[in-house]
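Student: Before we start, here is the structure in question, set down as structure tokens.
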Amino acid sequence: MDYSCSRRDLLRSGALLTAGLTMSRSGFGLGNWNPTVANARHEQALVDEFARLGEDLPAVKARIAFNENPHGLSPKAKEALIKAAETGNRYAMFEGRELKRLIGSREGVKPENIMLSAGSSELLTAMAVLFTGSAAKGGGGTILTSQFTYDDFLGCARDFGAKIDAVPLTKEYRYDLAAMKARINADTRLIYICNPNNPTGTIVPADELTAFCREVSPKVPVFVDEAYIDFLKPEERAALPKLVAEGHNLFLTRTFSKIHGFAGLRLGYAIAPEGFLEELQKYSRGEWNPSVTTLKAGMASYQDEEWQNFCRTENARGRDILYKGLKEKGYEYVPSYANFVLFPIRMKTRSFEQQMFKNGIMTSTREHNAQPYCRVSIGTADEMGMFLDVFKKIA
Ligand SMILES: Cc1ncc(COP(=O)(O)O)c(C=O)c1O
């Protein structure tokens, strides 16, 4: 079975590259781990690995491996962050509530339908605990999803003994919702959909996804990971919060790590039925996890539409530069709706990554159906130029 790497796996692969180690999920001996304690252990192992390799790392000229925002924070968010530092001695109190109100009014849901978190990864872990690890649901079960998708939630579920039923993508690298619907059975505990999908960058058409969730969620809960939704045009976005407001058994996660540039600041949120969030709250500290500075900056960023538009426009520009360079070299790519692009490469993944890395380009690769691929994050126009210069030399 073939899965995409999660952010944690990518970090690990980058760190292990120079050490000449392999990158299996169990590389750090995490077999049956208990996320409430072992999540921190997992992250710490990565940090230690980087620290050990620090001296040997070449100067990174373009860090285009983790789908971060290369333009940084909105100037308004930066200002709010600095101002909020004054209150850093106090626990956050009303800030979470205010941010939930903002999000709720834009999405047409109540603040009670929103749960904040320090990045959405925390919610993915909590979901895995709730659905496959907790006594409440009986442990195990089957998660229905697609091949070649984001592995973070699925990896946690697998560690809890869940079976992953991964349906092949369509030939356009899209989730095949019709085939997934046909695979639902009595053991299906949850359906996981990543839209836009990482690593393919493809989407399911909005009306198709809405219809699927409407039809299926009364039988099986549907979890849609919408980490990259902010890169979509309004007409490309499925109106899923509306289904939540109508009471459908639907769970959405979003993150500030992408268009808002908060990957290091850590802020994410879920939109789901209220009762569902009450259950999930048992496995996450929710809005008490993000710092008061992050929450304040998050509110400023959320309202700074001008900055978000700028980032979207620059992302499209970087994508076009990349498409053009790949075409010139005779390479095909998967047209992307997100801030990364997947394309088949003509050498082994490890060798490609290493050669890129030696030239100061940090990018990532994976294999699917025995075909090696590069997934390159969209950086600044300059970074895309640097990537293409090296790519043209080595490919
Ligand atoms: C599809 C998807 N979901 C969730 C995440 C988690 O991001 P974060 O924890 O920074 O919110 C990522 C990160 O790259 C992602 O690609």
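Student: If I go through the stretch 249-258 residue by residue, how many of them are outside any strand (DSSP E or B) and either more than 12 Å from the ligand (Cβ to nearest atom) or outside the structural domain of TYR192 (by TED's automatic domain parsing) (or both)?
Tutor: 1
Student: OK, next. Just one of the numbered conditions (1) charged (D, E, K, R); (2) surrounded by 17 or more Cβ atoms within 10 Å (Cβ to Cβ); (3) in a helix (DSSP H, G or I) is not true of ARG366; which one?
Tutor: Checking ARG366 against (1) charged (D, E, K, R); (2) surrounded by 17 or more Cβ atoms within 10 Å (Cβ to Cβ); (3) in a helix (DSSP H, G or I), the one that fails is (3).
Student: Got a sec? Which helices (runs of 4 or more DSSP H) wholly within the stretch 269-328 have at least 1 residues that are more than 22 Å from ALA245 (Cα to Cα)?
Tutor: Those helices (runs of 4 or more DSSP H) span 292-303, 305-328.
Student: Now, a different point. Which of the residues spanning the stretch 322-377 are hydroxyl-bearing (Ser, Thr, Tyr), over 28 Å from GLU226 (Cα atoms) and touching a residue at least 60 places away in the same chain (Cβ under 8 Å)?
Tutor: TYR331
Student: Same structure again: Does GLU172 satisfy being among the acidic types (Asp, Glu), assigned by TED's automatic domain parsing to the domain that holds GLN281 and away from the ligand (no atom under 16 Å from the Cβ)?
Tutor: Numbers: among the acidic types (Asp, Glu): yes; assigned by TED's automatic domain parsing to the domain that holds GLN281: yes; away from the ligand (no atom under 16 Å from the Cβ): yes.
Here the answer is yes, as GLU172 does meet what is asked.
Student: Oh, and also: So is GLU215 among the acidic types (Asp, Glu), away from the ligand (no atom under 15 Å from the Cβ) and within 20 Å of ILE143 (Cα to Cα) or not?
Tutor: So GLU215 fits the description; yes.
Student: Here are some conditions: (1) within 16 Å of the ligand (Cβ to nearest atom); (2) touching a residue at least 12 places away in the same chain (Cβ under 8 Å). GLY264 meets all but one. Which one does it not meet?
Tutor: Only one criterion is unmet by GLY264, namely (2).
Student: Now for a separate question. So which residues in the stretch 126-140 are surrounded by fewer than 24 Cβ atoms within 10 Å (Cβ to Cβ) and modelled with pLDDT of 90 or more, if there are any at all?
Tutor: Within the stretch 126-140, the subset surrounded by fewer than 24 Cβ atoms within 10 Å (Cβ to Cβ) is 129-130, 134-140.
Listed by number, the residues that qualify are VAL129, LEU130.
Student: From the list ARG312, ARG319, which one is within 22 Å of TYR337 (Cβ to Cβ), surrounded by 19 or more Cβ atoms within 10 Å (Cβ to Cβ), outside the structural domain of GLY108 (by TED's automatic domain parsing) and in contact (Cβ under 8 Å) with a residue 12 or more places away in the chain?
Tutor: From the options ARG312, ARG319, the qualifying one is ARG319.
Student: Identify, from the list TYR192, TYR228, TYR269, the residue that is hydroxyl-bearing (Ser, Thr, Tyr), within 11 Å of the ligand (Cβ to nearest atom) and over 23 Å from TYR373 (Cβ atoms).
Tutor: Values: TYR192 fails: over 23 Å from TYR373 (Cβ atoms); TYR228 fails: over 23 Å from TYR373 (Cβ atoms).
None of the other options fit; the residue is TYR269.
Student: Can you tell me which residues in the stretch 125-171 are without any contact (Cβ under 8 Å) to a residue 60 or more places away in the chain, in contact with a strand residue (DSSP E or B) (Cβ under 8 Å, 6 or more places away or on another chain) and assigned to a loop (DSSP other than H, G, I, E, B)?
Tutor: Of everything in the stretch 125-171, those that are without any contact (Cβ under 8 Å) to a residue 60 or more places away in the chain, in contact with a strand residue (DSSP E or B) (Cβ under 8 Å, 6 or more places away or on another chain) and assigned to a loop (DSSP other than H, G, I, E, B) turn out to be GLY140, GLY141, ALA162, PRO168, LEU169.
The values are calculated or read from the model by the stated rules, or taken from the named source; none is laboratory data. As the structure is a computational prediction, the values presented were derived from the model and not from experiment. Positions of Cβ are backbone-derived with ideal geometry, glycine not excepted, and every protein chain shown enters the neighbour counts.
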